[in-house]
Amino acid sequence: MPIPFPMIARLAAGLILAWVLSETAWAAEAPRKPPAAPQRFVGEPYELAGKRLVFTSWFFVRPGNLAWVNSQGAGVTVSGNEGPWGAHFRRTDSPWGIRLAVQSAQRNGPLLTNDRPWEAKGVSIGTLLHEGNKYRAWGPCWSKDSRGYCYLESSDGRDWQRPVLGLVDYAGQKTNLIDGQFAEGCAFLDPVALPDERYKAVRLNDMTYEQFAEYQKSRPDGWEPKARREDVGKVFFIQGAVSPDGLRWKTLPEPLVVEHSDTQIVAYYDQRLAKYVIYTRGWWVGPQSPQAAAGVSSHWISPGRRSIGRTEADVFGRFPLSQLVLAPPASMPPSDVLYTNCRTTIPGAPDLHVMFPTVWHQGDDTTSVVMASSADGRLWDFVPGGPVFTTAAFGAWDGGAVFASPNLVELPDGSFALPYTGYNFPHKYPRGQLRFLPGSMVWPKGRLVGVEAVERGEFTTVALIPPGRKVLINAVVKRAGSLLVEVAGLNGQPLPGRSFQEADRVVGDQYRQALTWKGQNTLGHRPGTAIMLRFRLDRATVFGLDFVD
């Protein structure tokens, strides 16, 4: 018998009301949603998120153009009919004679000594943040029989203090310890959060099979099979926490996502995407044959290669499963894996995403640190050269293994520094005598990676809206070499008074030196208009540009 229309209407209204109430309840529990990123066209001119440009990839270098012309100079590209030798090749703004050259870091450390009883086995920096004129750090520490989580401060990023917080005592002694449950987590400062949630953190946790069954009812698509480890009897998940000051933490009640991501998990808020992003440990492994006999989930561990995953969400509450964004390339030995990701950004350039993955060489149980870069945080590739850092000689405090941690920061003298943890024994060596301490990888004058011309070379940047009237160059020009820079408009023509012919040569070692044209130190453009910068290098390396007023 057909259902009367009024009854259908009441049923529909009830379903809608139930849906609204459920969504309202979720919204009340979920973190505040940040404003959506505005939709824009793509392409030049670009706008930098900061005032610094470092060439960590070819993204800001124009690939150039080409043309075939006839003997009269008229263009005949594609459409002409000039015979085998009648057309002549021309190129415009094509880069040549250059390469990206990553620089090795200097070793600095240990930054601390484990002279506190709650640090008897070691202390580490898991997260480093530069806030105003203060450097703040969080990380795990181990006593002889327990694990803690400590907080550190520094005014220069080199000398570190342990503030007495009065939050967690050790044997009746006041300490710099805080809530220990995030000992393996990474923290970040959220620029769009409410005051009581300004700081956020992520870490790996685990649940029972019974808890997992309840979770599956509410989020049937929010988990992956690898999270359920039959061999250890647990289900792993990524957990979040929030804090008003980075010292007092509140754990979020629901998992962010249920997936297997042990060791370093890194999160941040991307202001361009208006999304929260988490970088995870992924596993490069394929699906199991449906003909395989039932077995424990560890079948994926032996063939899988540790890799780097990524997931993003509008709110810091529910994330989809992460997807692989970086795996060991074919140029690496087959036994090498990407053990941690250490995702961060170039200081002063929040749109220049970089990673410093620790590569675990399973062939001999050693480690090294390499560098990868991305223009959007989604598409990644390795920067040529490296590694940027290696394990010290056996017997040194960091002669067993080294693992980099976020974030890359700028020190008061202009150097870039990245924290790492050094271990006295190899990663999988018996750990009864294991000790660990923090150090820092340092790149003096912020010379992390450069565009290098061993002999002569040229390149042109994409069109940019310069965030300043002047540009300071960080470059090294070898003896008998030179560096010239031309400023061009969006049409490709040099701006008046800013051509190569009027450019003052850059020679020697120049750190944040203003570029000039016959003594004039401004770019010569109208505010708000786009420019391109052309470079002519002769035995020179450009490490970066700073735009100032």
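The values are calculated or read from the model by the stated rules, or taken from the named source; none is laboratory data. Note that the structure is a prediction, hence the values are computed from the model and not measured. Counting neighbours? That spans all protein chains shown, and the Cβs are built from the backbone with ideal geometry, glycine included.
Miscellaneous remarks
- Filtered residues of segment 391-432 (kept if surrounded by fewer than 18 Cβ atoms within 10 Å (Cβ to Cβ) and without any contact (Cβ under 8 Å) to a residue 60 or more places away in the chain): A393, F394, G395, A396, G399, D413, P430, R431, G432
- Test: P255 is surrounded by 14 or more Cβ atoms within 10 Å (Cβ to Cβ) and assigned to a loop (DSSP other than H, G, I, E, B): yes
- Subset of segment 96-114 (residues that are closer than 30 Å to E458 by Cβ, among the hydrophobic types (A, V, I, L, M, F, W, C) and either surrounded by 15 or more Cβ atoms within 10 Å (Cβ to Cβ) or free of Cβ contacts under 8 Å to residues at least 12 places away in the same chain (or both)): I98, L100, A101, V102, A105
- Scanning segment 440-449 for residues that are surrounded by fewer than 23 Cβ atoms within 10 Å (Cβ to Cβ) and either of a type in the set (A, V, I, L, M) or within 19 Å of Y149 (Cα to Cα) (or both) turns up just one, V442.
- Within segment 125-139, residues that are closer than 11 Å to P419 by Cα reach partners that are of a type in the set (D, E) and modelled with pLDDT of 95 or more with beta carbons closer than 8 Å, at six or more positions or on different chains, in the pairs A137/E153.
- Restricted to strands (runs of 3 or more DSSP E) entirely inside segment 265-326, those with at least 2 residues that are of a type in the set (F, W, Y) are 266-270, 275-284.
- Candidates are the residues of segment 59-82 that are touching a strand residue (DSSP E or B) at 6+ places or on another chain (Cβ under 8 Å) and of a type in the set (S, T, N, Q); the one that is farthest from L379 (Cα to Cα) is S71.
- Of the residues making up segment 60-69, those that are surrounded by fewer than 16 Cβ atoms within 10 Å (Cβ to Cβ) and assigned to a loop (DSSP other than H, G, I, E, B) are P63, G64.
- Note on segment 310-335: among residues that are surrounded by fewer than 21 Cβ atoms within 10 Å (Cβ to Cβ) and in contact with a Ser or Thr (Cβ under 8 Å, 6 or more places away or on another chain), the one that is farthest from L273 (Cα to Cα) is P328.
- Residues in segment 70-95 that are in a strand (DSSP E or B) and surrounded by 10 or more Cβ atoms within 10 Å (Cβ to Cβ): G75, H88, R90, R91, T92.
- Flag if L100 is aliphatic (A, V, I, L, M), out of contact with any helix residue (DSSP H, G or I) (no Cβ under 6 Å at 6 or more places or on another chain) and closer than 17 Å to V402 by Cβ: no
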